[in-house]
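Undergrad: First, the structure itself, so that you have it in front of you.
Values in this text are rule-based calculations from the coordinates and carry no lab data. Since this is a predicted model, take the numbers as computed values, not measurements. For neighbour counting, all protein chains shown are included, and Cβ atoms are generated from backbone atoms with ideal geometry for every residue, glycine included.
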Amino acid sequence: MKQLTPPYVLELPYPLSINRYWRTNHVKKMTYVTEQGAKFKKSVMANYGYLCKPVVGNVALEIVIKPKLTKKGLPSKELIDLDNGCKCILDSLIGIAYVDDKQVKEITLRYGEPMADGGTIVTVRECLT
């Protein structure tokens with residue numbers, strides 16, 4: 001397989017709510033990735049982990065979250081909050097599109113056209129600012 005070069009255009013699954021990606025154990029005072037979060041990250045890694053070389057400088061992201069369609073082919077009324085899904089996406093791209101999500105200096109975030117199981121399109125560019 002040929003390795004991709006920036007800008008990367010990545011097709012990801014529909015994002016999890018950050019509340020389903022991360023959990024906090026208040027007794028042990030630790031935060032951890034849930035089983036669902038690990039599965040999401042694993043699917044991103046399986047599709048792009050060996051195709052992308054993480055950018056080492058600053059990055060700009062364009063994220064388009066595509067809502068799910070119902071069985072009747074209509075847009076689902078259940079939408080993830082844009083900001084809630086964003087963190088899941090940023091965390092899942094660590095080690096794939098960039099080394100650390102602190103490198104993300106610009107984000108454009110919006111809903112796109114609905115699709116069967118929902119999805120996310122992420123464009124990763126080097127950020128020169």
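Undergrad: Using the beta-carbon distance between LYS77 and TYR32 and R0 = 35 Å, what value does 1/(1 + (r/R0)^6) give for FRET efficiency, to the nearest 0.05?
TA: E between LYS77 and TYR32, to the nearest 0.05, is 0.65.
Undergrad: Beyond 13 Å, what share of the Cα-Cα pairs of segment 52-126 remains, rounded to the nearest whole percent?
TA: Considering segment 52-126, 65 percent of its Cα-Cα pairs are separated by more than 13 Å.
Undergrad: Using only the C-alpha atoms of segment 1-74, find the volume of their convex hull and express it per residue in Å³.
TA: In segment 1-74, the Cα convex hull volume per residue is 163 Å³.
Undergrad: Any idea what diffusion coefficient segment 38-77 gets from Stokes-Einstein, in µm²/s, Kirkwood Rh on alpha carbon pairs, 37 °C, 0.692 mPa s?
TA: 246 µm²/s
Undergrad: In terms of modelled amide H atoms, which long-range or inter-chain residues lie less than 5 Å from the amide H of ASN58?
TA: Excluding prolines and chain starts, which carry no amide H, the hits are CYS127.
Undergrad: Compare the peptides 50-58, 67-75 by average per-residue count of other Cβ atoms within 10 angstrom and give them in order, highest first.
TA: Taking the mean over residues of other Cβ atoms within 10 Å, the ranking is 50-58, 67-75.
Undergrad: Hey, another quick one. When ranked by the protection proxy of mean other Cβ atoms within 10 Å per residue, highest first, what sequence do the peptides 111-121, 24-34, 80-90 form?
TA: Ranked by mean Cβ neighbours within 10 Å, highest first: 80-90, 111-121, 24-34.
Undergrad: Treating only the Cβ of Lys, Arg, Asp and Glu as charged (+1, +1, -1, -1), what charge dipole size does segment 74-129 show about its Cα centre? Round to the nearest 20 debye.
TA: Dipole of segment 74-129, to the nearest 20 debye: 120 debye.
Undergrad: Work out the length of the dipole vector of the chain about its Cα centre, built from +1 on the beta-carbon of each Lys and Arg and -1 on the beta-carbon of each Asp and Glu, and round it to the nearest 20 debye.
TA: That gives a dipole near 400 debye.
Undergrad: What full-extension length gain, to one decimal in nm, is calculated for LEU109 and GLU126 as 0.36 nm per residue of separation minus the Cα-Cα distance?
TA: 4.4 nm
Undergrad: I'm a student and want to see the number: the projected area of the Cα convex hull of the chain, averaged over all directions, in nm².
TA: Mean shadow area of the hull around the Cα atoms is 9.0 nm².
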